[in-house]
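Okay, structure first, notes after.
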Amino acid sequence: MNAEQIFTNNRNWIAEKLKVDENYFKTLSIGQNPSFLYIGCSDSRVTAEELMGVGPGEVFVHRNIANMVPNADLSAMSVITYAVTHLEVEHIVVCGHYYCGGVKAAMQSSDLGILNPWLRNIRDVYRLHKAELDSITNEEEKYQRLVELNVQEQCINVIKTSDVQKASKERSISVHGWVFDDHSGKLIDLKIDFDKILHDIMEIYHII
Ligand code: CO
């Protein structure tokens with residue numbers, strides 16, 4: 001694949017869209033009204049729109065290494081504020097994936113430069129759930145479980161924000177933890193029991 005090919009693809013894509021609806025791009029240019037905010041991994045195999053079967057205008061997307069929501073990350077926090085307060089999305093999804101290189105790197109001891117502080121957030125997830133993870137003897141299963149627990153903790157980070165806490169008092173908004181299984185292509189809902197988790201911790205993280 002070279003850059004020239006991309007532009008050929010783009011011209012073909014425009015032609016295909018216009019064949020179905022000649023006003024397709026005119027409609028898109030009016031504005032966006034997505035009901036989902038998707039926070040996922042930058043991994044090239046985990047395409048947000050394609051795996052969900054949605055098109056342009058339907059999902060507001062934020063991607064970074066290992067689908068993290070660090071509280072001091074200006075980019076992730078701005079995306080959440082914009083999506084919740086201005087676009088008024090009804091659903092916030094944190095989507096991890098099994099075979100995540102970021103999570104795998106955090107399980108190993110190696111100096112990765114600027115990636116160290118980023119991946120440190122995943123090591124913190126491990127520390128929070130050390131008893132459960134240490135009890136898993138199969139390395140592959142432990143890796144998969146850390147992917148799931150990381151999704152859970154990033155969902156909790158979403159709920160810690162004032163924007164989400166404020167919105168949840170005023171309207172319907174929900175947070176979902178999903179995992180994409182690269183091996184089968186399946187999207188899995190982790191069905192995280194947020195009420196149970198939040199019951200214990202909201203006393204600490206309650207802002208609004
Ligand atoms: Co990944």
The ³J(HN,Hα) series, computed from each phi in the stretch 75-92 with the Karplus coefficients 6.51, -1.76 and 1.60 at θ = phi - 60°, rounded to the nearest Hz and given as x for glycine or proline, is 5, 4, 5, 5, 4, 5, 4, 5, 5, 7, 7, 9, 7, 6, 4, 9, 10, 10
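Taking square-rooted eigenvalues a ≥ b ≥ c of the alpha carbon gyration tensor, is the stretch 29-158 rounded, prolate or oblate, where a/c under 1.5 means rounded and, failing that, a/b exceeding b/c means prolate? Before the final figure, lay out the partial values.
On the way: a/c = 2.13, a/b = 1.87, b/c = 1.14.
It comes out prolate by the Cα gyration axes.
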Report, to the nearest 10°, how far helix 139-159 tilts away from the longest principal axis of the Cα atoms in the chain, using its own Cα long axis and a range of 0 to 90°. 70
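Using alpha-carbon pairs under 8 Å, 6+ residues apart, how would you state the relative contact order of the chain in percent?
On the way: 263 pairs, mean separation 42.7, N = 208.
Relative contact order comes out at 21 percent.
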Specify the inter-centroid distance of the stretch 131-198 and the stretch 8-55, based on alpha-carbon positions, in whole Å. 26
Going by alpha carbons, how many degrees (0 to 90, nearest 10) lie between the helix axis of 3-20 and the longest principal axis of the chain? 70
Among Lys130, Lys160, Lys196, which one moves the most in a GNM of the chain with springs linking Cα atoms closer than 10 Å? Lys196
Taking the 0 to 90 degree range and rounding to the nearest ten, how far is the long axis of helix 194-205 tilted relative to the main principal axis of the chain, both from C-alpha atoms? 70
For the ranges 39-51, 165-177, what's the packing order if you count other beta-carbon atoms within 10 Å of each residue, average per peptide, and put the highest first? 39-51, 165-177
What are the lysines whose alpha-carbon lies under 28 Å from the alpha-carbon of Lys130, with same-chain residues fewer than 8 places away excluded? Lys104, Lys142, Lys160, Lys186, Lys191, Lys196
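Find how much the distance from Ser109 to Val20 grows on full extension, using 0.36 nm per residue of separation minus their present alpha carbon separation; answer in nm with one decimal. Please report the intermediate quantities before stating the final value.
Details: separation 89, 0.36 × 89 = 32.04 nm, distance 5.21 nm.
My answer for the length gained is 26.8 nm.
Can you order the peptides 23-32, 62-71, 117-126 by their average number of other Cβ atoms within 10 Å per residue, highest first? Don't skip to the end; give the middle numbers.
Working: 23-32: 10.9, 62-71: 20.2, 117-126: 17.4.
Ranked by mean Cβ neighbours within 10 Å, highest first: 62-71, 117-126, 23-32.
We did not get these values from a lab; they are worked out from the coordinates using the rules stated. These numbers were taken from a predicted model, which means no experiment stands behind them. Cβ coordinates were reconstructed from backbone atoms using ideal geometry, including for glycine residues, and neighbour counts include every protein chain displayed.
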